[in-house]
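Where a number appears in this text, it was derived from the coordinates with a stated rule and is not lab data. The structure displayed is predicted, hence computed values, not measured ones. Positions of Cβ are backbone-derived with ideal geometry, glycine not excepted, and every protein chain shown enters the neighbour counts.
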Amino acid sequence: MESEAPSSGISWKQRLHLLAYSQQVGMAVLLVILLVGLYFFAWREMRFFLVPSKSMEPTLSPEDMVITLSQREYRRGDIVVWAENGEYVVKRIVGLPGDTVSVVDGALFLNGKYASEPYILEAMNYYIETPVTIPEGRFFYLGDNRNASDDSSLGYIAADSWSTSREPHTWLGNLKAVIGKVVYRYYPYDRFGPVLSYPLINVAGQ
């Protein structure tokens, strides 16, 4: 009578466990982590920031911690961070080079057309009656909490409601100074998740 081949005594589950905890798998996982980290930190210039004020409510609140990634190009509706006068600013891009921007009856108009903005806290209580043309390399930025935000509007709102000694175009952002687009909120934990851009629609040329 032929004898049965001796069993190794190791089940497929044990073999899988040994493989998962093997040195080869560990090195492969570490390599993947390093490559992903290199991609985000080196190529996408991932940065971490703390939201300093209420100017972006309700989208972002004070003390929110966010992550930015650099983009090949920035679009209307993107929330971005850039450095200005030694401080970091976080606002939403509403106008790009060649666009015209105006504010009438509490609403934003881009290139002469109404732009839907469901993300803002409340309607604007100021006017920009003469359309502002955005020059090359600059952008028009606003906070989502429009009436409590130091933003591009301060250079252009009606003279009877605001006065400033700064030249109007100094209130525009510089595209070259943008560090990155806000893509994720990682604190507080009860609100962590992606920060989505909202494309501004009803704009000529889109």
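Working ranking of peptides 113-120, 91-98 by packing, defined as the average number of other Cβ atoms within 10 Å per residue, highest first, is 91-98, 113-120. Once you have the Cα-Cα distance between residue 154 and residue 73, take 0.36 nm times their residue separation minus that, and quote the gain in nm to one decimal. Using 0.36 nm per residue and subtracting the Cα-Cα distance, I get 26.6 nm. When the pairs 91/181; 54/176; 91/113 are compared against a 18 Å limit on Cα-Cα distance, 54/176; 91/113 fall above it.
Residue-wise HN-Hα couplings along segment 132-140, as the Karplus relation 6.51 cos²θ - 1.76 cosθ + 1.60 with θ = phi - 60° gives them from phi, are 9, 8, 7, x, 4, x, 10, 8, 9 Hz; Gly and Pro carry x. Net charge dipole, segment 47-194: roughly 520 debye, given to the nearest 20, about the Cα centre with Cβ charges of +1 for Lys and Arg and -1 for Asp and Glu. Remark: spin-label model distance residue 126-residue 190 equals 3.4 nm, labels positioned 7 Å along the Cα→Cβ axis.
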